[in-house]
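Throughout, read-outs are computed from the coordinates displayed, never taken from laboratory work. Predicted, not measured: the structure shown is a model, and the values here were computed from it. As a convention, Cβ positions derive from the backbone with ideal geometry for all residues, glycine included, and neighbour counts pool all protein chains shown.
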Amino acid sequence: DVKKLLAHKTGLKPEQQRLFFREKEMENKENLHVEGVKDKSKLLLLEDAASKESNLEEGRKHQEMLKAFEAVAVVRSEVDKLCERVSALEVAVNGGTQVSDKEFVVSTELLMRQLLKLDGIKAEGEAKLQRKAEVMENDFSVPHFCRINFEAALGLFATIFVK
């Protein structure tokens, strides 16, 4: 079949091809020799318009998915930095160091902003799953952080009333 041979050279699947001979589109079932095609005859091959549109749409979706992956990665990087900050606060609180409430308020606010950024990322397919996983992970970070803040407040309370 000519379309199968052309598929290897053009990258177009046979169903994406429109083959013409003497200004007439050849049907898939027609034998070329019956239609008068001989050696050195010229055939015209065009890409099917619907197929071309479909390929453009797939390319657009792929670009959108890459953009979403990149946006999630940026948020992930910011959250990682915040997690390091939270870990340092946790070490300080567990070591008995008093930590300003402002540190907890600012860190909580920054974590919530990252959650809002994640929520604003438009994604489909795999990118949507990645975004959802990041949201779930960050949803667990905030309560953990609030627990650290509560423990710090208890430590401050104990320090004030024990003296």
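What is the spin-label model distance, in nm, from A50 to Q63 if the labels are put 7 Å beyond Cα along the C-beta direction?
Each label point is offset 7 Å from its Cα along the Cβ direction, giving 2.5 nm.
Suppose R0 equals 35 Å; then what is the FRET efficiency for V91 and A133 from their Cβ-Cβ distance, rounded to the nearest 0.05?
Calculated transfer efficiency: 0.85.
Could you derive backbone 3J(HN,Hα) for the range 119-128 from the dihedral phi with the Karplus parameters 6.51, -1.76 and 1.60 (θ = phi - 60°), listing whole Hz in sequence and x where the residue is Gly or Pro?
4, x, 7, 7, 8, 10, x, 4, 5, 5
Could you work out how much longer the chain between E124 and Q98 gets when fully extended? Use 0.36 nm per residue separation minus the Cα distance between them, nm to one decimal.
Gain on stretching E124 to Q98: 4.9 nm.
Once amide H atoms are placed 1.01 Å from N in the peptide plane, what residues at a sequence separation of 5 or more from M26, or on another chain, have their amide H within under 5 Å of its amide H?
L19, F20, F21
Using label points projected 7 Å from each Cα along Cα→Cβ, tell me how many nm separate L110 and L32, to one decimal.
Label-label distance for L110 and L32, simple model: 6.7 nm.
Let me spell out the model: positive unit charges on the Cβ of Lys and Arg, negative unit charges on the Cβ of Asp and Glu, origin at the Cα centre of the range 2-47. What dipole size does that give, in debye rounded to 20?
180 debye
If I stretch the segment between E70 and K40 completely, what's the gain in nm (0.36 nm per residue apart, minus their alpha carbon distance), one decimal?
5.7 nm
For the range 82-96, just list the computed ³J(HN,Hα) in residue order, Karplus coefficients 6.51, -1.76 and 1.60, θ = phi - 60°, integers in Hz, with x standing in for Gly and Pro.
5, 5, 4, 5, 5, 4, 5, 5, 5, 4, 4, 5, 5, x, x
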